[in-house]
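J.: Encoded as structure tokens, here's the structure I'll be asking about.
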Ligand code: FAD
Ligand code: SF4
């Protein structure tokens, strides 16, 4: 049997000079070859691994028939944004892990032999973008007079808006920031998700009649209770925008960024083009990123590009307290980061930041770690080794160790019940919160913290809203 078909990519030496997309996807022939590797299993396990249950076997078969329109419609039945998910889904932890061809039985992610389902989805998503004018999606004639408000324009909010608009419901999306898309806009860099792809999906929603209001913070610009008067139902897709701190000495020294701020400056405020754009960014000669997830990879790869853009020799190191196997980042991002020259130091835990006389970070005091038994996350727990202390030089540090619930709305609305970590408590069947006719989905209700899982909960909420409106 033939091996997996690789996608085209920009060369590492070219790609670190810009924020252009790195992974260029399949050509038609590449997609054909990869689709033909699929065994069309009688009981396709891959579908179980997809949080929204796309009929993977069917769309891959339709690709082999060069029936791309059917493949597009098959995916769109379950997933509103195939070109986005085809680029960012951690498929190796989801559908590909369940693929019969996966040989990694003892690792948390799939081996390269598993069908490249995400690249095929991307191929079809991009085909849809090029050809959508010729496709007619059924938008129901409105039988609903009621309006629904959506708070937050991340993947959860956008997905819920799309599901409702398709059924002819009038939807208004309120977004706190001046631009739409949530993390897809301010977190994930354009070298992974080009902005025209996101803009296409948002413009498509606009063409379906969805109204977007930006610079509107529900809970501050207006309380939720005001929206409750004007709308028959409300969906909260507030995301997890609050960064976590390490809680160690020296964390408030100068030039220590939280990854969210670092990435927002670059992605939303174009800080890498300062002074052409107003927002500056301090980059150093030795940048250290702390963490092992997608945010850490995005921060490290962005850092290299900014260093080069400012005439510095790229020198960015990721430190992580477990090993590469336990890193939760997408495997492709780890591979790309390495190819681009990001250094990695594993089994390292920072214990203190040391500053210079001006109050800027100059070193990190750290301990070496060893791995113990798996913890509640299923990953082996790191333990610091006594007496293993050492120092790492760093003039910029980026902390990327996780995000927590965005509390702006919920702290202004104490009637909404939260769990211990500040996530909104919902009825898992309906996604309704403790407030009647107010639903929630995406990162604000906890869960896996992926784009596709945010969309899965938003879809469930949209169905409950449709049931409510049909009563
Ligand atoms: P968000 O995308 O956070 O959107 C929430 C939106 O709500 C924001 O725009 C916010 O401004 C708005 N908002 C909040 N409160 C209010 C209010 N009171 N009023 C009005 N608006 C409000 N997942 C993947 O699957 N693959 C990846 O490769 C990946 N990479 C990532 C990289 C980074 C840097 C980060 C931070 C996350 C990444 N994730 C990835 C996770 C993924 O992006 C999130 O799980 C997903 O965006 C959650 O969607 P959401 O709609 O719930 O929230
Ligand atoms: Fe194809 Fe793998 Fe799904 Fe089988 S499990 S149908 S080989 S993608």
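J.: So which residues in the stretch 82-115 are within 16 Å of ligand 1 (Cβ to nearest atom) and part of a loop (DSSP other than H, G, I, E, B)?
T.: If the condition is that a residue be within 16 Å of ligand 1 (Cβ to nearest atom) and part of a loop (DSSP other than H, G, I, E, B), then 89, 90, 94, 108, 109, 110 are the ones that fit.
J.: Check residue 265 against each of (1) in contact with a helix residue (DSSP H, G or I) (Cβ under 6 Å, 6 or more places away or on another chain); (2) in contact (Cβ under 8 Å) with a residue 24 or more places away in the chain; (3) not assigned by TED's automatic domain parsing to the domain that holds residue 184 and name the one condition it does not meet.
T.: With (1) in contact with a helix residue (DSSP H, G or I) (Cβ under 6 Å, 6 or more places away or on another chain); (2) in contact (Cβ under 8 Å) with a residue 24 or more places away in the chain; (3) not assigned by TED's automatic domain parsing to the domain that holds residue 184 applied to residue 265, the lone miss is (2).
J.: Go over the candidates 25, 53 one by one and state the one that is assigned by TED's automatic domain parsing to the domain that holds residue 110 and crowded, with 19+ Cβ neighbours inside 10 Å.
T.: Among 25, 53, only 25 is assigned by TED's automatic domain parsing to the domain that holds residue 110 and crowded, with 19+ Cβ neighbours inside 10 Å.
J.: Could you list, in sequence order, all residues of the stretch 316-336 that are free of Cβ contacts under 8 Å to residues at least 40 places away in the same chain and either surrounded by fewer than 19 Cβ atoms within 10 Å (Cβ to Cβ) or in a helix (DSSP H, G or I) (or both)?
T.: Once the filter is applied, which keeps residues that are free of Cβ contacts under 8 Å to residues at least 40 places away in the same chain and either surrounded by fewer than 19 Cβ atoms within 10 Å (Cβ to Cβ) or in a helix (DSSP H, G or I) (or both), the stretch 316-336 yields 324, 334, 335.
J.: With respect to the numbered conditions (1) touching a strand residue (DSSP E or B) at 6+ places or on another chain (Cβ under 8 Å); (2) part of a helix (DSSP H, G or I), which one is the sole condition not fulfilled by residue 24?
T.: (2)
J.: Please determine whether any residue of the stretch 273-283 is modelled with pLDDT under 95, within 22 Å of residue 396 (Cα to Cα) and in a helix (DSSP H, G or I).
T.: For the stretch 273-283, residues modelled with pLDDT under 95, within 22 Å of residue 396 (Cα to Cα) and in a helix (DSSP H, G or I): present.
J.: Output the residue which, of all residues in the stretch 166-194 that are more than 10 Å from ligand 1 (Cβ to nearest atom) and crowded, with 24+ Cβ neighbours inside 10 Å, is nearest to residue 212 (Cα to Cα).
T.: So, considering only residues that are more than 10 Å from ligand 1 (Cβ to nearest atom) and crowded, with 24+ Cβ neighbours inside 10 Å, the one nearest to residue 212 (Cα to Cα) is 171.
J.: For residues that are under 22 Å from the mean Cα position of the chain (by Cα), modelled with pLDDT of 95 or more and crowded, with 19+ Cβ neighbours inside 10 Å, tally how many sit in the stretch 203-238.
T.: Residues meeting the conditions: 5.
J.: Let me ask something else. Filter the strands (runs of 3 or more DSSP E) completely within the stretch 363-407 down to those with at least 3 residues that are within 20 Å of residue 296 (Cβ to Cβ) and modelled with pLDDT of 95 or more.
T.: Of the strands (runs of 3 or more DSSP E) lying wholly inside the stretch 363-407, those with at least 3 residues that are within 20 Å of residue 296 (Cβ to Cβ) and modelled with pLDDT of 95 or more span 396-399.
J.: List, please: which pairs have Cβ atoms under 7 Å, are six or more places apart or on different chains, and start with a residue in the stretch 92-105 that is touching a residue at least 60 places away in the same chain (Cβ under 8 Å) and end with one that is near ligand 2 (Cβ under 7 Å from one of its atoms)?
T.: 100/39; 100/41; 100/45; 101/114; 101/115
The values are calculated or read from the model by the stated rules, or taken from the named source; none is laboratory data. Keep in mind it's a predicted model, so treat the numbers as computed, not measured. We place every Cβ from the backbone using ideal geometry, glycine too, and count neighbours over all the protein chains shown.
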